[in-house]
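Bear in mind that the values in this text are calculations on the coordinates, not laboratory data. All values reported here derive from a predicted model rather than from experimental measurement. Counting neighbours? That spans all protein chains shown, and the Cβs are built from the backbone with ideal geometry, glycine included.
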Amino acid sequence: MNYVQTINQLLKPKTNLNDKIIDLFAGCGGLSLGFEAMGFKTQGFEMESTVAQTYTQNLQGECVTKKLGTNIDFISDEADIIIGGPPCQPFSVGGHQKGQKDNRDGFPIFLNVLQKNNPKLFLFENVRGMLYSNKWYFDQIMAELIALGYIIDYQLLNAVNYGVPQNRERLFVVGHRSQFTFPEASRKKITVAEAIGDSMYQVIDESKILTPSMDNYVKKYETASQCINPRDLYPNKPARTLTCRNIAAPTGDMHRVKLPDGRRRRLVVREAARLQSFPDWFEFYGTETNQFYQIGNAVPPLLAYHLAQSIKNCLDKGPLYEKEEI
């Protein structure tokens, strides 16, 4: 199968496993989709109603529209696995890396849910900045997780090594009581052409064509940032990291395609979704900008699928010791 066939067929939700997953800060369901494709049952929690609608309409599990806070009594204590992406702005370069001082920090909530549920296993995803400027806070979180009785494994994973046509490096942390191994990287890199080659040289939406002033702005941006090669999408390479900003807005760093006639255009939603490994049948809700933000914030579902396989393997091995009630 080619790349598009793979994501369309492999990433189909099914529930043939008994373990129930709760997905915190679930977004549109990129992480949950990978787990449902592996057979897990999911339930998401997301504060934005349109984003939660995208999750519920595409996955078998329901996404509850709820802003998570310190009061987490509404969350079922029957979850076997807790997954999620606590807001990463406190630890990202774009979010100014304020860490624990940022009121968008979702880790206290994530830790509270773990303490209340005492699941078999958990997984969370965040930006690589947690291991650098905010390493002290990461170490504090790890100490609290170990105190809850978990064995902790963490690793920086680049989605491009797991069949996703995009260089996207993120931190993944898994807590378990068994033996866990992160999925093995693939040598084959999927290119932009394999993902969107059927559309990238077409004018799908005239409004996405860059105007001369936009082209001039991009040129100045690339000169100022000492960019050697234009930051266009190259058909024979994977894409750069998709972020909310560089796919939703006409910025200097925007993702764009150079057309045969020399003009350049921005991506449309479906192209961004494919580069993030969302299947073609996955429908996004909300305004176009909101849809781009859903895609840019998501964990690539194909990477999530490989992580779900590793987690299933871990659970199949059974615990090294029985969990204790907290």
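Please compute the contact order of the chain in relative form: average sequence separation of alpha-carbon pairs under 8 Å and at least six residues apart, divided by the residue count, as a percent. Mind showing how you got there, number by number?
Details: 648 pairs, mean separation 65.2, N = 326.
20 percent.
Helix 288-297: angle to the longest alpha-carbon principal axis of the chain, degrees 0 to 90, nearest 10?
It works out to around 50 degrees.
Pick from V203, V113, V164: which is most flexible by mean-square fluctuation in a GNM of the chain where alpha carbon atoms under 10 Å apart are linked?
Between V203, V113, V164, it is V203 that shows the largest mean-square fluctuation.
Sort out for me the Cα centre separation of the stretch 288-302 from the stretch 202-252, rounded to whole Å.
After rounding, the separation between the Cα centres reads 18 Å.
Working from Cα positions, state the angle (0 to 90°, nearest 10) between the long axis of helix 301-317 and the longest principal axis of the chain.
Result, in degrees: 20.
Please list, in chain and number order, the residues 5+ apart from C63 or on another chain whose amide H is under 5 Å from its amide H, with Hs placed from the backbone.
Here the answer is G44, T56, since their amide H atoms fall under 5 Å of that of C63.
What do you get for the angle between helix 107-117 and the principal long axis of the chain? Use alpha-carbon atoms, 0 to 90 degrees, nearest ten.
40
Taking a cut-off of 14 Å between Cα atoms, list the aspartates and glutamates near K120, but don't count ones fewer than 8 places away on the same chain.
Of all the aspartates and glutamates, those that pass the test against K120 - Cα under 14 Å, at least 8 places apart if same chain - are D19, D77, E78, D80, D316, E322, E324, E325.
Label points 7 Å out from Cα along the Cβ direction at K312 and D261: separation in nm?
In this crude spin-label approximation the distance works out to 4.8 nm.
Determine the distance separating the Cα centre of the stretch 264-279 from the Cα centre of the stretch 179-199; give it in Å without decimals.
Taking the Cα centre of the stretch 179-199 as reference, the centre of the stretch 264-279 is 16 Å away.
Quick one: work out the % antiparallel among DSSP beta bridges in the chain, nearest 5.
Antiparallel bridges make up about 50 percent of those DSSP assigns within the chain.
Mind listing the long-range amide H neighbours of R168? Cut-off is under 5 Å, sequence gap 5 or more, other chains count too, H placed in the peptide plane at 1.01 Å from N.
Placed amide hydrogens put A159, V160 under 5 Å from R168.
Are any of the pairs K135/K220; K66/K220; K41/K317; K208/K237 more than 31 Å apart by Cα-Cα distance, and if so, which?
Over 31 Å Cα-Cα: K135/K220; K66/K220.
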